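The values are calculated or read from the model by the stated rules, or taken from the named source; none is laboratory data. It should be emphasised that the depicted structure is a prediction, and the values quoted were computed from it without experimental measurement. No Cβ is skipped: glycine too gets one built from the backbone with ideal geometry, and neighbour counts run over all protein chains shown. Only protein heavy atoms, including side chains, enter the accessible area calculation; ligands, DNA and RNA are left aside. Shrake-Rupley method; radii C 1.70, N 1.55, O 1.52, S 1.80 Å.
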Amino acid sequence: MLGKSQEGSLKAEGQNPMTQGSLWKNIFLFSIPLMLSQLLQVMFNMADVAVVGKFSSAEALGSVGSTTTLVSLFTGFLIGMGCGVNVRVAQHLGAKQKQETMETVHTALLICVLAGVVISVLCLVLAEGMLSMLNTKPDLMDGAVLYFRIYALGMPALGIFNFGNAVLSANGDTKRPLMYLTIAGVLNVILNLFFVIVCHMAADGVALASIISQYVSAILVLWHMFRQKDECALRLHQIRFYKGKTKDLLGLGLPAGIQNAIFSIANLFIQSGVNSFDSTMVAGNSAAANADSVIYNVMAAFYTACSSFMGQNWGAGKRDRVLKSYFVSLIYSFAAGAILGLALVIFGKEFLSLFTNEPEVVEAGMQRIRIMGYSYAVSAFMDCTISASRGIGKSFGPTLIVILGSCVFRVIWVYTIFAHFHTIPSLYLLYIFSWAITAVAEIVYFAASYRRTMQFFIAQS
C-alpha cells in the first residue's frame, strides 16, 4: 500500500494511514494494488476467452462466453460475502478490538469456504438446466456445460481467496493479494496456452487452467495468514463458528452477496435477449463484455477503499473522516469510469481483436462498446454509495433498493422496451437508465441513514 520508508515511518509513529493523513493520497495508494488484484481475477476469465478465440474456434469462444453471466452470478455472491467480511474486520480493527477481530476472521473463513462448496455442488448439478434457461445455442451447449462444470470446481478456492483478500485489505495490506494473483495469473496464461495449443483442448482446457490457478492463489493467501502474528492471523485450533459472529457476518455479507447475485440474475434476462440473435452477435457480446469486467473492477477498487476507510474511521470514532472517505472514493471511481469508458470507445476495435480474428464478431462487439463506453461512469454514483452504506453498517436497505431500482427495472425493460424494438441498442441502453434510477435512491437512503446514525452518536456522547 505504501512504500517501505513511508510504511516504516507510519508504524514507528504508531499511525494508521486509514485513520490518519491525507485521504486523497491514502485512498489512492490503497486502491492501486487492490485494483491490480481485481484486474488479475478478471484476467482469469479473459485469458480463457482470448485463448479459445485466437487458437481454437468461434464456437469455443461462444461456449465460454455463454457462461459469463452464470460465472458472474456465483463469483459475485462470493465477492459480496467478502465485502461483508471486509467491513466488519475494518470496524473491529479501527476500534482496536483484538478479540472481536480474531473471532470474526476465523468465523468468516468457515462461512466463505462453505459458501464456495455449496455453490460448486449447485453448479455441477444444475449446469445444463441453467444454460438451457438462458437459451444457449444448441451448437454451443456441450462446450458451455463442460466449461461451466469444470470452472465450478474452483468455487471453494474463490471463496477462500476473497475471504483472505477482504481481511488483508481491511488491515491495510493490498500488496500481498496482488502478488499472489500475479503468480496465479501468469500460471493461468501459461496453462491456457499449454492445454489449448499443445493438448488441443478447447473450453475444457481453459476451464482447467483457471481452477488450477485459483487454488494456487487460495493456498498462497492461506499460507500467509497462517504465518501472520497479528490479530488477523489464522490458527487451526481457533477455526470455528464464534457466538454472535456468524449472524453478524451473514447480516452484512449475505445482502451484499445476494445483491451481486441478483444483478447477475437480472443479467441472465439480458443474456437471454442477446442469445435471441445469431451466434456472431453472441460471440461479439462475449468479447465486448470483457471490457465491463475490466472497468468495473478498476472502479470497484475505490468502492472497497470506501467501505474499508469508512469502517476503520467509524470504529475509531473519527466521524469527520467517514463522510470525506465517501466523497473522495466517489470522485476517484467516477473519473476512472469516465476515462476508461472513453478510451474503450476510441480503441474498441483493437480491444476486441484481442479475443477474435473475425471482423464480423468485432463489429458485433462494437455495437455494445459504443453504448457502454459512455455509461460506466454513471454506475459510480450507485456502487460507491452502496459501499458507503455498508461502511456504516447498513447492508439490507441498499440491497433492497438494488433489487427494486435496478434488477426489477432491468427485467421489466427486457420484456417491454426491448421486446418492442428487439434491437441490440435497445437492450444495452437499459444499463445506464437502471444505474441512474438506482443511484438516486441509494444516495437518498445513505444520506438519511448517515444523518440518523450521527444523531444517535451525538445523543449518546
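Mind checking which helices (runs of 4 or more DSSP H) fall wholly inside region 319-376 and carry at least 2 residues that are in contact (Cβ under 8 Å) with a residue 60 or more places away in the chain and open to solvent by 40 Å² or more (accessible area, probe 1.4 Å)? Talk me through it step by step, then tell me what you get.
Details: elements: 319-346, 348-352, 359-372.
Because the criterion is at least 2 residues that are in contact (Cβ under 8 Å) with a residue 60 or more places away in the chain and open to solvent by 40 Å² or more (accessible area, probe 1.4 Å), the helices (runs of 4 or more DSSP H) in region 319-376 that meet it are 319-346, 359-372.
Note down all Cβ pairs under 8 Å where the first residue falls in region 172-188 and is part of a loop (DSSP other than H, G, I, E, B), the second is open to solvent by 40 Å² or more (accessible area, probe 1.4 Å) and among the β-branched types (Val, Ile, Thr), and they're at least six residues apart or on different chains.
Pairs that qualify, where the first residue is part of a loop (DSSP other than H, G, I, E, B) and the partner is open to solvent by 40 Å² or more (accessible area, probe 1.4 Å) and among the β-branched types (Val, Ile, Thr), are THR174/ILE32.
Identify, please: which residue in region 123-141 is of a type in the set (A, V, I, L, M, F, W, C) and free of Cβ contacts under 8 Å to residues at least 12 places away in the same chain and is, among those, farthest from ILE258 (Cα to Cα)? Show your work before the answer.
Pass one, region 123-141, residues of a type in the set (A, V, I, L, M, F, W, C): 123-127, 130-131, 133-134, 140-141.
Now narrow it down to the ones that are free of Cβ contacts under 8 Å to residues at least 12 places away in the same chain: 125-126.
Values: VAL125: 21, LEU126: 19 Å.
Out of the qualifying residues, it is VAL125.
Can you tell me which of TYR445, TYR415 is surrounded by 17 or more Cβ atoms within 10 Å (Cβ to Cβ), at pLDDT 90 or above and more than 22 Å from the chain's Cα centre (by Cα)? So that I can check it myself, show each step before the final result.
Working: TYR415 fails: surrounded by 17 or more Cβ atoms within 10 Å (Cβ to Cβ).
Sole residue among the options that is surrounded by 17 or more Cβ atoms within 10 Å (Cβ to Cβ), at pLDDT 90 or above and more than 22 Å from the chain's Cα centre (by Cα): TYR445.
Take region 303-318 and flag every residue that is of a type in the set (A, V, I, L, M, F, W, C) and open to solvent by less than 10 Å² (accessible area, probe 1.4 Å).
Once the filter is applied, which keeps residues that are of a type in the set (A, V, I, L, M, F, W, C) and open to solvent by less than 10 Å² (accessible area, probe 1.4 Å), region 303-318 yields ALA305, CYS306, PHE309, MET310.
Condition first: over 19 Å from ASN162 (Cβ atoms) and either touching a helix residue (DSSP H, G or I) at 6+ places or on another chain (Cβ under 9 Å) or in a loop (DSSP other than H, G, I, E, B) (or both). Now tell me which residues in region 208-240 satisfy that.
Within region 208-240, the subset over 19 Å from ASN162 (Cβ atoms) is 208-209, 227, 229-231, 235-238, 240.
Hits for region 208-240 are LEU208, ALA209, LYS229, ASP230, GLU231, ARG235, LEU236, GLN238, ARG240.
Could you list, in sequence order, the residues of region 315-363 that are among the hydrophobic types (A, V, I, L, M, F, W, C) and touching a Lys or Arg at 6+ places or on another chain (Cβ under 9 Å)? Don't jump to the end; show me each part of the working.
Taking region 315-363 and keeping what is among the hydrophobic types (A, V, I, L, M, F, W, C), we get 316, 322-323, 327-328, 330-331, 334-336, 338-340, 342-347, 351-352, 354-355, 361-362.
Across region 315-363, the qualifying residues are ALA316, VAL345, LEU354, PHE355, VAL362.
Could you check region 209-223 and list, in sequence order, the residues that are closer than 18 Å to ALA50 by Cβ and of a type outside the set (Val, Ile, Thr)? Please lay out each step first, then the result.
Going residue by residue through region 209-223, those that are closer than 18 Å to ALA50 by Cβ are 209-214.
Result: ALA209, SER210, SER213, GLN214.
It is to be established whether one or more residues within region 181-192 are of a type in the set (Gly, Ala, Ser) and either open to solvent by less than 40 Å² (accessible area, probe 1.4 Å) or touching a strand residue (DSSP E or B) at 6+ places or on another chain (Cβ under 6 Å) (or both). Reasoning before the result, please.
If we filter region 181-192 for residues that are of a type in the set (Gly, Ala, Ser), which is where we start, we get 184-185.
With either open to solvent by less than 40 Å² (accessible area, probe 1.4 Å) or touching a strand residue (DSSP E or B) at 6+ places or on another chain (Cβ under 6 Å) (or both) added as a condition, the list becomes 184-185.
Within region 181-192, one or more residues are of a type in the set (Gly, Ala, Ser) and either open to solvent by less than 40 Å² (accessible area, probe 1.4 Å) or touching a strand residue (DSSP E or B) at 6+ places or on another chain (Cβ under 6 Å) (or both).
From the list GLY257, GLY284, GLY251, which one is more than 20 Å from GLY82 (Cβ to Cβ), among the small types (Gly, Ala, Ser) and in a helix (DSSP H, G or I)? Break it down into steps so the answer makes sense when it comes.
Values: GLY257 fails: more than 20 Å from GLY82 (Cβ to Cβ); GLY251 fails: more than 20 Å from GLY82 (Cβ to Cβ).
Being more than 20 Å from GLY82 (Cβ to Cβ), among the small types (Gly, Ala, Ser) and in a helix (DSSP H, G or I) holds for just one of GLY257, GLY284, GLY251, which is GLY284.
Within region 449-457, can one find any residue that is modelled with pLDDT of 90 or more, surrounded by fewer than 17 Cβ atoms within 10 Å (Cβ to Cβ) and in contact with a helix residue (DSSP H, G or I) (Cβ under 9 Å, 6 or more places away or on another chain)?
no
Please enumerate the residues belonging to region 20-40 that are of a type in the set (Ser, Thr, Tyr), crowded, with 21+ Cβ neighbours inside 10 Å and either more than 15 Å from PRO177 (Cα to Cα) or at pLDDT below 85 (or both). Show your work before the answer.
So the first thing to find is which residues in region 20-40 are of a type in the set (Ser, Thr, Tyr), and the list is 22, 31, 37.
Then drop every residue that is not crowded, with 21+ Cβ neighbours inside 10 Å, which leaves 31, 37.
Matches in region 20-40: SER37 only.
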